[in-house]
Amino acid sequence: MPSRSGPSRRSGPGTTGPEGRHATREQRVRILYGVCGEGMGHATRSRVFLDELVREHEVCVIASGRARDYLAQHFPTVKRILGFTLAYEDNALRRWETVVQNLRGAVTGWPQQIRAYYQIVEELRPDVAISDFEAFALLFARRHRIPAITVDNIMMLDRCRHDADIVRQDSLDYELARQLAKYKAVGAFHYIIPTFFRPPVRKRRTTLVAPVLRPEVLDSRPEPGEHLLVYQTAEGGETIVETIKDTGLACRVYGVRRDIEHDVRDGHLLFRPFSETQFLEDLRTARGVIAGGGFTLLSECAYLHKPVLSIPVRGQFEQTLNGRYVQNLGYGMYAPAASAGAIHTFLARLPDYEAALAGYSQDGNREALDTLHTQLAAAARKRAGQRHLRTRATGGAPAGVGDATDDGAPGGSPGPADGPAGDDASGGIPLDEQPGEDATEAGTATPGDGTAAGADGDGTAGGQAGAGRRRRRDRT
């Protein structure tokens, strides 16, 4: 059984720590923390990190979509920003509709984005940016040349090596998803990747850690039940519902009927409005789970030892990746589409899945939290060194936010006149990570070790290596 130790609770609400409190692990740091609003996994993971960070640092939280609404319940001053959204139909990603709806949102949301940008510059003047797959914080960090740390599972696509049986015939979807992840966070100071599977790491400044789980999940005790938990939030979930209806199995269904406020029974199917408390109760007592390929729920299933039938959204390769690793590990089954045959096969193999899951364990969120503290301290030291060098170079003139001017265009990037940032300017692109070149293998992380490839205590690849070594190509 996994360990049930959880993270420490924060001392009070808000986005900054209590007045007069000093950091015990590292110096007090001004942090810009961005959270992607597509899906709820980014928000629930960030809540755990933020609970810890606000106790010791000054934190400005920015988020889009439902993530902002969720986090505002715990951190009242979260700023709302424009975020990327995905369009779905019949459990498939619609790429053109996704482009159109984001362009429409940009037209109305851009003025708000500009206001948020200048407010952050004037009020916080961040030392470090942390991003859970959120573009605004990463672009801000690059514009102002401050260190950026990523804390999301999607970077797994680019920074780890995946076998042919995982990529299979979806090489185009895989490459599109990998390139998106690569260029969204190019040149970050460090990449922290929560994961329940451990493929080899192929790039430096990358650390694999156990999934970050809500305290409520860590405190739960799984029990065997007779119902299936069905979770489907993408448009077109009715197809899956019709399939499970034909099986005659007792199911508790979430996400399909979003307009209901109370339980609605349809034969052996019980449709429920979303409630964190009720959902977790149905999860911990489920016989098995039928869901998409979302990382957070699959991680919770692994922790609670619940077999899962993963039916990912078509065209969203990150979900396909997760589902195939579930099957490879023996934790459940991957199916490209819902069918009665797939469900019956899944149910017949439940004892095998339960036996494999019995070997899964993790020590709460300790591994992830300790890694974040280590990398944050290293990034803060590097930022302090940058400021010291600039102060000496300017004869004692005070340094602003990074090297870029505060009146620069929001979300911009250093122009040609800025020159390459190199290893000593964390907000730019390190010389060993020039975009546009294929990555070379930079070491591997063996299953279960959770260590970074080529990273040391100061968070940089190669530690104290000389300039010649730093210029060897790791290539993002």
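Derivation of every value follows stated rules applied to the coordinates shown; laboratory data play no part. None of these values were measured; they are calculated from a predicted model. A quick note on method: Cβ atoms are made from the backbone with ideal geometry, for glycine too, and the neighbour counts reach across all protein chains shown.
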Rounded to whole Hz and in sequence order, give me ³J(HN,Hα) for the stretch 334-343 from the Karplus expression 6.51 cos²θ - 1.76 cosθ + 1.60, θ = phi - 60°, writing x for Gly and Pro. 9, 9, x, 8, 6, 7, 4, x, 5, 5
Cα to Cα, under 23 Å, and not fewer than 8 places away if on the same chain: which lysines meet these conditions relative to Lys79? Lys184
Before anything else, pin down the relative contact order of the stretch 221-357: Cα pairs under 8 Å, at least 6 apart, normalised by residue count, whole percent. 23
Could you check how many percent of all C-alpha pairs in the stretch 221-357 are farther apart than 19 Å? 44
What is the set of long-range amide H partners of Asp127 at a cut-off below 5 Å, with H atoms built 1.01 Å from backbone N? Arg30, Ile31, Leu32
Quick one: plug the Kirkwood hydrodynamic radius of the stretch 219-288 (C-alpha pairs) into Stokes-Einstein at 10 °C, 1.306 mPa s, and report D in µm²/s. 128
The stretch 115-205: equivalent-ellipsoid semi-axes (sqrt of 5 x gyration tensor eigenvalues, Cα, Å): 30, 13, 10
Within the stretch 199-297, list the GluC sites (Glu not before Pro) lying in a DSSP loop whose Cβ has at most 12 other Cβ atoms in a 10 Å radius. Glu226, Glu261
Please figure out what share of the DSSP beta bridges in the stretch 247-389 is antiparallel and state it in percent, rounded to the nearest 5. 25
Can you sort Phe196, Phe136 by how many other beta carbons sit within 10 Å, fewest first? Phe196, Phe136
Exposure-ranked with fewest Cβ neighbours within 10 Å first, Lys245, Lys306, Lys184 stand as Lys245, Lys184, Lys306
Give, in nm to one decimal, the length gained when the segment between Ala340 and Glu175 is fully stretched (0.36 nm per residue of separation minus the Cα-Cα distance). 56.3 nm
When the Karplus curve 6.51 cos²θ - 1.76 cosθ + 1.60 is applied with θ = phi - 60°, which whole-Hz ³J(HN,Hα) does each residue of the stretch 167-183 get, with x for Gly and Pro? 6, 6, 7, 9, 4, 5, 4, 4, 5, 4, 5, 5, 5, 4, 5, 4, 7
Quick calc, Asp219 & Ile260: beta-carbon distance into FRET formula, R0 41 Å, rounding 0.05, result 0.90
Where the only charges are on Cβ atoms (+1 Lys, Arg; -1 Asp, Glu), what is the dipole of the stretch 221-357 about its Cα centre, to the nearest 20 debye? 260
Calculated from backbone phi, Karplus (6.51, -1.76, 1.60) coupling profile of the stretch 126-134 in Hz, x at Gly/Pro: x, 8, 9, 10, 10, 10, 9, 6, 10
Taking neighbour Cβ counts within 10 Å as the exposure measure, how do Tyr183, Tyr33 sort from fewest upward? Tyr183, Tyr33
